[in-house]
Amino acid sequence: MRLILIILVFVSSLLLAGTTASADISTKKQDILKLIGTSYALNGKFAWVEINGEDYCWTREGGNVGKYRIVMVEMGKVKLELFGRADQPNLSEQQKEIIEV
């Protein structure tokens, strides 16, 4: 099971290399957010997020990643909050299929 998860995370990270979302006004410095994967477990929902090249590995829903807080984790989606504003990087259909396998 752990090997399958590692393989899925590796494959999804390759596919997500171009998935980004901007978090600030375009005249200011923009943060590059990459959603590597999402997961459900008995002890909570987790998201693997990369912000500006800094990897935050598996972080529980409600946890902080950099200057953001993970507000909601669904399969293939994560909602981050920064000072009351929200960003939702989404996975493409192909990336969702790989994670759900």
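The values are calculated or read from the model by the stated rules, or taken from the named source; none is laboratory data. In this text the structure is predicted, and so the values were computed from the model without any measurement. Virtual Cβ from ideal backbone geometry, glycine too; neighbours counted across all protein chains shown.
Among the residues making up region 17-40, a single one is modelled with pLDDT of 60 or more, under 13 Å from the mean Cα position of the chain (by Cα) and not in a strand (DSSP E or B): I32. Kindly establish whether S12 is more than 21 Å from L82 (Cβ to Cβ), modelled with pLDDT of 65 or more and outside any helix (DSSP H, G or I). When the stated conditions are applied, S12 does not pass them.
When region 29-57 is examined, which residues are found to be among the aromatic types (F, W, Y) and buried (at least 17 other Cβ atoms within 10 Å of the Cβ)? Even if it seems obvious, please write down each step before you answer.
We begin by selecting, within region 29-57, every residue among the aromatic types (F, W, Y); these are 40, 46, 48, 56.
Across region 29-57, the qualifying residues are F46, W48, Y56.
Counting only residues that are in a loop (DSSP other than H, G, I, E, B) and touching a Gly at 6+ places or on another chain (Cβ under 7 Å), which one in region 41-93 is modelled with the lowest pLDDT? Before the answer, list the steps.
So the first thing to find is which residues in region 41-93 are in a loop (DSSP other than H, G, I, E, B), and the list is 42-43, 52-53, 61-63, 66-67, 75-76, 83-84, 88-89, 91-92.
From what is left, the residues that are touching a Gly at 6+ places or on another chain (Cβ under 7 Å) are 61, 91.
Values: E61: 91, L91: 54.
Only one residue tops the list, namely L91.
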